[in-house]
1. Among the residues of region 73-88, which ones are touching a Leu at 6+ places or on another chain (Cβ under 8 Å) and among the small types (Gly, Ala, Ser)?
2. Can you list residue pairs whose Cβ atoms sit under 7 Å apart, with the first residue in region 110-121 being on the phi < 0 side of the Ramachandran plot and of a type in the set (A, V, I, L, M, F, W, C) and the second being surrounded by fewer than 17 Cβ atoms within 10 Å (Cβ to Cβ) and outside any loop (DSSP other than H, G, I, E, B)? Count only pairs 6 or more apart in sequence or on different chains.
3. Quick one: what pairs do we get from region 73-92, first residue in contact (Cβ under 8 Å) with a residue 24 or more places away in the chain and crowded, with 17+ Cβ neighbours inside 10 Å, second of a type in the set (Ser, Thr, Tyr) and not in a helix (DSSP H, G or I), C-beta under 8 Å, 6+ apart or different chains?
4. What residue, among those in region 23-39 that are loosely packed, with under 14 Cβ neighbours inside 10 Å and at pLDDT below 90, is nearest to GLU116 (Cα to Cα)?
5. Could we say that VAL15 is farther than 18 Å from ILE110 by Cα and surrounded by 14 or more Cβ atoms within 10 Å (Cβ to Cβ) here?
6. Restricting region 63-72 to residues that are assigned to a helix (DSSP H, G or I) and without any contact (Cβ under 8 Å) to a residue 12 or more places away in the chain, which is nearest to ALA46 (Cα to Cα)?
7. Could you grab me the full set of residues in region 100-131 that are touching a Gly at 6+ places or on another chain (Cβ under 9 Å), buried (at least 19 other Cβ atoms within 10 Å of the Cβ) and over 14 Å from LEU44 (Cα atoms)?
8. Identify all residues within region 19-53 that are under 13 Å from ILE126 (Cβ atoms) and either in contact (Cβ under 8 Å) with a residue 40 or more places away in the chain or of a type outside the set (A, V, I, L, M, F, W, C) (or both); write none if there are none.
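The values are calculated or read from the model by the stated rules, or taken from the named source; none is laboratory data. As the structure is a prediction and not an experimental result, all values here were calculated from the model. Note that we place each Cβ from the backbone using ideal geometry, even for glycine, and neighbour counts take in every protein chain shown.
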Amino acid sequence: MLALLLGAMILLAPVQILLRGALGSGIAWVDPLLRVLVLWVGLLGAVAASFEGRHITIDVLSRALPERARAAAGAVTSLFTAAVTTLLAYHGARFVASEFHYDSVAFSGIPAWGLESVIPLSFGLIALRYLRLAVSDLLALFRSDDADEGTSAGVGSS
């Protein structure tokens, strides 16, 4: 899907430029379509990056942390990211609902809300991904607590 959208952008943009240069005007709906394609490629790319674990991270300290602290830090940052992206999805949904309510048109009679629906959808998917990561990190943290207790109990009994 991303490749298809990006390919459309790569084809349409130069065509529009050439038409403007040669004819003095381009195709009326290409510029708004390109803006929508940039939105879709950016947000769907963010979803893909987050699901593949290839998103931008700042993890200078996490590599130096012990396993339990790394799991705790991962849970906190994942919960924070899930909260922020949930908020973005919520307000994106409110925005799309208002576009629907006011019958906004993007271009050529196409309703804006349909094209903008990628906003709450993508941020919702990213929120779910980070919520899952937070749960995974919390489970790892509790598993390491159980392992530590088992080790200390084993030391006392020998």
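1. Answer for region 73-88, where residues must be touching a Leu at 6+ places or on another chain (Cβ under 8 Å) and among the small types (Gly, Ala, Ser): ALA73, GLY74, ALA75, SER78, ALA82.
2. Taking only residues 6 or more apart or on different chains, the pairs are ALA112/VAL105; TRP113/PHE100; VAL118/LEU39; ILE119/PHE95.
3. Listed by first residue and then by second, the contacts come to GLY74/SER62.
4. Within region 23-39, the match that is nearest to GLU116 (Cα to Cα) is ALA28.
5. No.
6. Among those residues, the one meeting the criterion is ARG70.
7. Passing the criteria: none in range.
8. Correct list: GLY42, LEU43, LEU44, GLY45, ALA46, VAL47, ALA48, SER50, PHE51, GLU52, GLY53.
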